[in-house]
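Each value in this text was obtained by applying a stated rule to the coordinates, not by laboratory testing. Treat the numbers as computed from the prediction; the structure is a model and nothing was measured. Neighbour counts are summed over all protein chains in view; Cβ atoms, including those assigned to glycine, are modelled from backbone coordinates with ideal geometry.
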Amino acid sequence: MNNNKALLIFIGIGIILYSLVSYLGHKSPFNIFNCSLGVMVILFVLYNEDKKINYLTILFCVNIFQWFISVYILFNNPVYKTIDYYYYSVGALFFTLVLVNLIRINHLKIKTSMLKYNKKLMIQLIGVIIIISCLTSFIACYYPILLYGITLGLVAFIYGFYYEDQKVNVSTKYVRDMVSVLVLQIIVLCYLGRQISIEDLSYALVFSINIAVLLSIQIYTSDLKISNAKKENIIGIGAIAVFIVFFGALALKGHL
């Protein structure tokens, strides 16, 4: 067993032990959910290379247990039905999608063209899930930063919509749509400037900056029929805009 595997196993054991100790102190069902994450880490590290259906079945049982915790909180323990509950529910759904995808890749015989289509569809589905989850959570808890989360779902959906042949098709329409979402993110952050914490604002800005940087790289390395000089101008203007928004938001929060 190499050092990376050993480290991950120790991390998994650490998650389990910490979650059990936390559960003894707080009796929170979220701690049991976290314990299942440690079990997943250990199982994945030990048996992933074998790619056998047996260990995936065990992982599915763990995932079903996670859904059981979510359903239990929903109907029998509403005191824990906070914003964290929706995060854990989205996490359980994410693990379900990952396991289904692993079984599809390793144990189902599907034509290559279908696999490409399913990957494109999977990215779009993740975007839709993020949008629905954030919108539902916002309606239930009225947590303002979730409005920004909806825009992240839009980014994922647009990426999946233009995903072709194992990469995204960087066309003028793709750039237009992504820039539109970035502008929407700026508007949302300006609107929420005084309604969210500095931590949430910082995380949101980091996400937006990363999206802008990745889009800039895609534009510069793409086959768009514009000169490199124009590409550089677009990237430069975008960098200045991000800079202004970043420091403007911090100023709005009174940290400058």
### Message
Using 0.36 nm times the number of residues separating Ile83 and Val206, minus their current alpha carbon distance, what extension gain do you get?
### Response
42.2 nm
### Query
What spacing in nm lies between the two simple spin-label points modelled at Phe65 and Ile11, each 7 Å away from Cα in the Cβ direction?
2.0
### Query
So if we plug the beta-carbon distance of Ser22 and Ile139 into 1/(1 + (r/R0)^6) with R0 = 25 Å, what FRET efficiency do we get, rounded to 0.05?
0.25
### Message
Ranking request for peptides 146-152, 195-201: highest mean number of other beta-carbon atoms within 10 Å first, then the rest in descending order.
### Response
146-152, 195-201
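At R0 = 35 Å, how high is the FRET efficiency between Phe75 and Val98 if r is their beta carbon distance? Nearest 0.05 is fine.
On the way: r = 26 Å, r/R0 = 0.74.
Here the calculated transfer efficiency is 0.85.
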#### Entry: J(HN,Hα) series, the range 182-188, from Karplus relation 6.51 cos²θ - 1.76 cosθ + 1.60, nearest Hz, glycine and proline x
4, 4, 4, 4, 4, 4, 4
### Task
Output ³J(HN,Hα) for the range 158-170: one whole-Hz value per residue in order, computed from phi by the Karplus curve 6.51 cos²θ - 1.76 cosθ + 1.60 with θ = phi - 60°, and x for Gly and Pro.
5, 4, x, 5, 9, 7, 8, 6, 6, 7, 7, 7, 7
### Query
Hey, what's the Cα Rg ratio for the range 1-41 versus the globular rule of thumb, 2.2 N^0.38 Å?
1.24
## Note on the structure
Residue span Ile187 to Leu214: 0.36 nm per residue of separation minus Cα-Cα distance leaves a gain in nm of 7.7 nm
### Task
Hey, can you grab everything whose amide H is under 5 Å from the amide H of Tyr163? Only 5+ residues off in sequence or another chain; H modelled, so Pro and N-termini drop out.
Asn169
### Query
Which ³J(HN,Hα) values in Hz, rounded to whole numbers, follow from the phi angles of the range 24-31 under the Karplus curve 6.51 cos²θ - 1.76 cosθ + 1.60, where θ = phi - 60° and Gly and Pro get x?
5, x, 10, 6, 8, x, 5, 5
